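Below is one structure, written out as C-alpha cells; comments come after it.
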Amino acid sequence: MLGRVLDACMTLRLDGKQLAAELEQRLQAEIKAGLASAGRPPGLAVLRVGDDPASGVYVANKQKACSRIGVVSYGAHLPASTSEADLLASIKDLNADQRVDGILLQLPLPMGIDEGPLLAAIDPEKDADGLHTLNLGRLLKGEPGPRSCTPAGVMALLARHQLSLEGKRAVVIGRSILVGQPMALMLQAANATVSVAHSRTQDLAELTKQADVLVVAAGRPRMLGAEHVKQGAIVVDVGIHRLPADPSMGPDSKGRLCGDVRAEEVEPLASALTPVPGGVGPMTVAMLLVNAVARWQQHCGLPFTLKDLLP
Ligand code: NAD
C-alpha cells in the first residue's frame, strides 16, 4: 500500500495551466519588444457561427487570453442562418485586413454548413489553428508554418519537462485531423517510433502496453485504464468531457470534468500524466496565441523568436 502511495507521489504532473501562464508572459514580452518596429500590435480574429454554448465559452476564453498579452481581438459572431457565401465573404475580408495576423474559425459549425471550403478559404499565412491543407502539408514535410494547436501544446508540455522522445515507442489513440494525425507527425519528427490506434484497432491494450509515451485523443470519457498502460509510461490525456451532474449535489451543480483516461487508475503506473482539467486544454489556447504572435512577427518583418514552440 505504502509502495503504491509513494509511486503515485512520484508521478510527474504535466501542468499545462502553469506552462500556459509562462508562455503568456513570454509572448507578452515578445509583443512589447517588437511593437515599436511593427507599428501595430498582433491581431487575432475568431469567427463564431451560431450559438453552440460550449463554443461561446471557448471563444470567450480565447479573447480573454488575447487581451491578457496584448493581442487585439477582431472577428465576428454570425447567426447560424448565415449563408456559405456570406461566411466566405467574411473570411476574405479578414484575409485582406492588414491588422489581422491570425484567423480562427470556431468549430463545430451549425448543422448544414460545410467547414471544408471555409477552412480552405483562410489565408494559410493567417491560419491560427494550423489546420489549412497547406500547413498540414508543411508539417508533413517538416517545413515551418503555423502548427495545429493541441498537438503543438502537447509537444511544448513534454519539452518543458525535458521528456526526451528520441527512440521512444509512442502510441497515439485517435486519427483526427484536429489532434491524432498531426500529433503522430510531431512525435515522429521528434524521433519517436509512432503507432496510431483508432476505432477499428484490434486489441488496443496489447498495443498501448508497449507505449513509452501514450497520447489519448479518442473522445471517449474514461476509456483508458490501468490495463492499457505500461509501468513508467508518459500518459497525455487530450480528452475533455463533462460528466452528468449528480442530482444529490443540488439543482445548480455541474457534472465534473474528466478526460479519456481513468486518472486514478493510471496515475500509480505512469511516470508522468497530464491532469484534466489543467493539462492539454490551457496549452491549446496558449499555442493559438503562439501561432498568432509568430504570424505577426512574420507579417511585420520582425525576428522569428518562437521557433522552439512550433515543432
Ligand atoms: P474525433 O472524434 O474527431 O476523433 C476521435 C478519434 O478517436 C477517431 O480517430 C477514432 O477513430 C478514435 N477512437 C474513437 N474511439 C476509439 C476507441 N475505442 N479506440 C481507439 N480509437 C478510438 O475527436 P478529436 O477532435 O480528435 O478530439 C479527441 C478528444 O480530444 C475529444 O474528447 C475532444 O473533446 C478532445 N480535445 C481536447 C482539446 C483540448 O484542448 N484539451 C482539443 C481538441 C480536442
Quiz item: Given the chain, what percent of its DSSP beta bridges are antiparallel, to the nearest 5?
Solution: 5 percent
Practice problem: Counting only C-alpha contacts under 8 Å and six or more residues apart, can you give the relative contact order of the stretch 1-150 as a whole percent? | Solution: 21 percent
Quiz item: For labels at residue 161 and residue 114 in the simple 7 Å Cα→Cβ model, what's the distance in nm?
Solution: 4.2 nm
Self-check item: Volume in Å³ per residue [convex hull over Cα atoms, computed for the chain]
Solution: 148 Å³
Quiz item: Span-like helices, the chain: DSSP H, alpha-carbon axial extent 20 Å or more, mean Kyte-Doolittle 0.0 or greater, which ones?
Solution: 280-299
Self-check item: the stretch 204-311, dipole about Cα centre (Lys/Arg Cβ +1, Asp/Glu Cβ -1), debye to the nearest 20
Solution: 340 debye
Quiz item: How large is the dipole of the chain about the Cα centre if only Lys and Arg carry +1 and Asp and Glu carry -1, each at its Cβ, rounded to the nearest 20 debye?
Solution: 520 debye
Quiz item: What value, in deg cm²/dmol to 500, does the helix sum -39500 (n - 2.57) over DSSP H runs of n ≥ 4 give at 222 nm once divided by the residues of the chain?
Solution: -13000 deg cm²/dmol
Self-check item: Selection of GluC sites (Glu not before Pro), the stretch 71-173, meeting DSSP coil and at most 11 other Cβ within 10 Å
Solution: 166
Practice problem: Straight distance only, please: which lysines reach the Cα of residue 209 with their own Cα at less than 20 Å, same-chain residues fewer than 8 apart left out? | Solution: 168, 230
Quiz prompt | Rg and Dmax of the stretch 156-237, Cα atoms only, in Å | solution = 11.8, 34
Practice problem: May I ask for the Kirkwood hydrodynamic radius of the stretch 1-143, worked out over all distinct Cα pairs and given in angstroms to one decimal? | Solution: 17.5 Å
Self-check item: Charge dipole (the stretch 165-311, unit charges on Cβ, about Cα centre) - positive-most of 238, 228, 211
Solution: 238
Self-check item: Inter-centroid distance (Cα atoms) of the stretch 116-182 relative to the stretch 28-102, Å
Solution: 20 Å
Quiz item: Picking from 33, 146, 95, whose Cα lies most toward the positive end of the charge dipole for the chain (charges on Cβ: Lys, Arg +1; Asp, Glu -1)?
Solution: 33
Practice problem: Check cross-link reach from residue 17 to the aspartates and glutamates: straight Cα distance under 17 Å, and skip same-chain residues fewer than eight apart. | Solution: 237
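Taken together, the values in this text are just the output of simple stated rules run on the coordinates, not laboratory data. Because the structure is predicted, anything quoted here is derived from the model rather than measured. Counting neighbours? That spans all protein chains shown, and the Cβs are built from the backbone with ideal geometry, glycine included.
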